[in-house]
Amino acid sequence: MTPGNGVRHMRCPICADDFVWPSGDPNIFLYDEESSRYELFDISGQPPMKQADLARQGYRQCPNPSGDTALHYLPATYADYGPPLVIGLVGAPASGKTHLLTAMIRQAYLSGLAAHGVTVSALDILRHNHFLRQFIKPFEKGGTLAGTGTGVVEAADILLLRGPGGDRPVTFFDVAGEDLESTNARNRATRFLVGATAVIFVHASEDRDAAGQLPAGENQSFDLAVERLRGRQIPAVIAVTKSDRLRFVPPADRWLHRGDETRVDADRIRAESKDVYAYLHRAGAGASLRPFEAFTKCSLHFVSASGGDAVPVDPGDEDSEKHFPRGFRPTRVLEPLVSILAMSGLITGLQAEKVGTP
Ligand SMILES: Nc1nc2c(ncn2[C@@H]2O[C@H](COP(=O)(O)OP(=O)(O)O)[C@@H](O)[C@H]2O)c(=O)[nH]1
Ligand SMILES: [Mg+2]
Ligand SMILES: [Zn+2]
């Protein structure tokens, strides 16, 4: 990535354009809370310690050479680390993507990856604070999270993960399921797929429609993403979320009872993948298995973001707002991320190298 002359080509996670990173340019943007604006500062006059500190809080404006995206900013230190990871969530509307991502980032932040030698911090501090306020805090209070509006093109969060395989920026995308099902080629919301280095395919177990029926056997969001990613050998995982509904159903119950794993074991991940595969196959959700057929490295996981179904705030009124009165009990939400980190080389070792292989 960094040739001898120090020039570093980067791909912007937001607009997916490639450009030469302006390393050494002392002009960085700092966000001013009062005016809610990014303001340009020349930090070259500052002593080195202060420069480093300002850079950590600062931003660079993406030049977006193809000129197809509204003004956007990246953390000023984005290019100071190893190859960035860009992880996108793909799944039908209301499949549970936002709850899963929230539970996953929250737990990763609470040192949930420490057993794997991985630490987590916010790389884009503004973005992370927004994610914290918008999703993690309401989640902790037991509220249901707002649906993701269509047309979201920004990343949900940009973190710095430090692991045995190096320190790497990790950007997460969580767009609306409706956008993922759109066949409009000009739909910007799914452009993150161009720059994605890994995908979490999210399938909701036992989601029934208004008539109480299980959905028909297709999965348009998966199909469209698989088609667009065809030929790019990136790691993929299939997360069967809302698995709390399967807590009395073998063999899902056995996996859910294990809780978080403390080490990467390729055979165990393969065994869980087989069980999830069999579950989806039996449930008539063969269409949700397409990522497994399309990607050479793929693992499958039972997860639950909330630990149970949301119930109406007013028990007498099915249509009232819903919440989780006993709070959240996320189960195995980090396993899909751990698999991706192993398949991406951030978690290392003989076992990690075998994750996702048949
Ligand atoms: N039982 C159960 N319900 C969930 C879980 N995660 C999300 N839900 C419910 O599924 C609905 C859609 O979730 P959301 O994350 O907004 O889906 P998205 O549209 O894919 O982002 C919400 O009403 C949640 O209450 C879970 O792990 N278990
Ligand atoms: Mg959502
Ligand atoms: Zn950009």
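Would you please name the GluC sites (Glu not before Pro) within segment 274-358 that are DSSP coil residues with at most 13 other C-beta atoms within 10 Å of their C-beta? Sites meeting the loop and neighbour criteria: Glu318, Glu321. The count of lysine pairs in the chain that are at least 8 places apart or cross chains, and whose C-alpha atoms lie under 27 Å apart, stands at 17.
Could you please state, rounded to a whole Å, how far the C-alpha centre of segment 292-358 is from the C-alpha centre of segment 79-96? Here the answer is 14 Å between Cα centres. For segment 234-275, applying the loop criterion from DSSP together with a ceiling of 13 other beta carbons within 10 Å to the trypsin sites (Lys or Arg not before Pro) yields Arg263.
As a rough guide to protection, the peptides 323-331, 28-36, 304-312 ranked by mean Cβ packing within 10 Å, highest first, stand as 304-312, 323-331, 28-36. Calculated mean residue ellipticity, 222 nm, the chain: -7000 deg cm²/dmol, from DSSP H runs (n ≥ 4) at -39500 (n - 2.57) each, averaged per residue and rounded to 500.
Helix 97-107 and the longest principal axis of the C-alpha atoms of the chain enclose an angle of approximately 70°. Considering segment 9-80 at the alpha-carbon level, its Rg and Dmax are found to be 12.5, 38 Å.
Summarised in one figure, the compactness ratio Rg/Rh of segment 85-354, Cα atoms and Kirkwood Rh, is 0.93.
The Cα-based radius of gyration and maximum Cα-Cα distance (Dmax) for segment 41-157 are 16.7, 51 Å. Descending by average beta-carbon neighbour count within 10 Å, the peptides 38-48, 73-83 line up as 73-83, 38-48, the highest first.
Only the coordinates and a few stated rules stand behind these numbers; no lab work does. Just so you know, these numbers come straight off a predicted model, no measurement behind them. Cβ: placed from backbone, ideal geometry, glycine included. Neighbour counts: every protein chain shown.
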